1. If you average 1/r over every pair of different alpha-carbon atoms in the stretch 140-183 and take one over that average, what Kirkwood value in Å do you get?
2. Which of the peptides 105-116, 78-89, 29-40 is most tightly packed, and how do the rest follow, going by the mean number of other Cβ atoms within 10 Å of each residue?
3. Where the only charges are on Cβ atoms (+1 Lys, Arg; -1 Asp, Glu), what is the dipole of the chain about its Cα centre, to the nearest 20 debye?
4. Please give me the summed charge of the neighbours of F134: other residues whose Cβ is under 15 Å from its Cβ, Lys and Arg +1, Asp and Glu -1.
5. Between L68 and V116, what is the label-point separation in nm under the 7 Å Cα-to-beta-carbon projection?
6. To the nearest 0.05, how large is the calculated FRET efficiency for D231 and R132 if R₀ is 22 Å and r is the Cβ-Cβ distance?
7. Express in % the proportion of alpha carbon pairs of the chain at distances exceeding 32 Å.
8. Below 20 Å, Cα to Cα, which lysines can K161 reach? Residues fewer than 8 away in the same chain don't count.
Amino acid sequence: MTPRRDRTVTEIEVVPAGVPGSTKSERVRAMFARIVPRYDLMNALMTGGLDRRWRDAAASAAVPAGRLALDVGAGTGDLAFALVRAGAARVVGVDFCEEMLVVARAKARALGLERVTSFIVADALKLPFPDRSFDCVTSAFLLRNVASLRDALAEMTRTLKPGGRLVCLEITHPPEPFASIFGLYFRHVIPLLGTLVTGEGAAYRYLPASLAPLPDARRLAMLLAEAGLADVSYRRLGLGTVALHVGTREDRATA
Ligand SMILES: C[S@@+](CC[C@H](N)C(=O)[O-])C[C@H]1O[C@@H](n2cnc3c(N)ncnc32)[C@H](O)[C@@H]1O
């Protein structure tokens, strides 16, 4: 990964190394296109299978029963499928990496969910939907990867109906004493595992590095509030290594 100062002197952007592209978005997309064959397996190995439970928690926090849900940065579709399990009437998943969505669509067919899910190529920073389109909007492990956190939150809030919930699941800075232990795990074990399982060590060195510039859970909650969400709260999962943020769109949000 290459730390890069961009736009303002205080904003440090971490981008994946070893993949083509001149912007963070281009490189992130290229990186996910490369790791997609082993993406689900690596998630399960890195989290001891807990990632599925975390997505189930995110899905139920969105209160999707009978509703139209949008999952941003849908990847191989697991949060979209969790939303269906939680009762969503229909889920639209968007991602700017077509290769990830090919897997999501194949899984939807295998699960018999192709009628209630659709997966569309789109950029989280410019969602192709009118304002107030969805009853709930979710993302899982997206926020570290976007070129502008504020723009992503603004877009997700814009497409949410007033009264609807935005739910963001993401790796976070764990509190002590876990910070030191997980720092070692993130920086050493994950890159090694990633190299052995996917042959893409750079992608799994980018994973822990991309956490560094992400605001801590308290500050991220403030950014959700600044995007126009009310009743913002968060809870930690996975011994504090993952945060689940929830907010409700207020009427005044016009971003
Ligand atoms: C770590 S994966 C998470 C995938 C899925 N949500 C999950 O829980 O496994 C991040 C996903 O976000 C997508 N992504 C990153 N930046 C994006 C953007 N600006 N617009 C759309 N998708 C984006 C990547 O292509 C990738 O599929």
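1. Taking every pair of different Cα atoms in the stretch 140-183, averaging 1/r and inverting gives 12.4 Å.
2. 78-89, 29-40, 105-116
3. 220
4. Local net charge: +3.
5. Between V116 and L68, the simple spin-label model gives 1.7 nm.
6. 0.75
7. Within the chain, distances greater than 32 Å cover 15 percent of Cα pairs.
8. Here the lysines satisfying the reach criterion relative to K161 are K126.
Since every read-out is calculated from the coordinates, none of them should be taken as a lab result. Given the structure is predicted, the values throughout are model-derived calculations rather than measurements. Cβ sites come from the backbone with ideal geometry, for glycine too, and all protein chains shown count toward neighbours.
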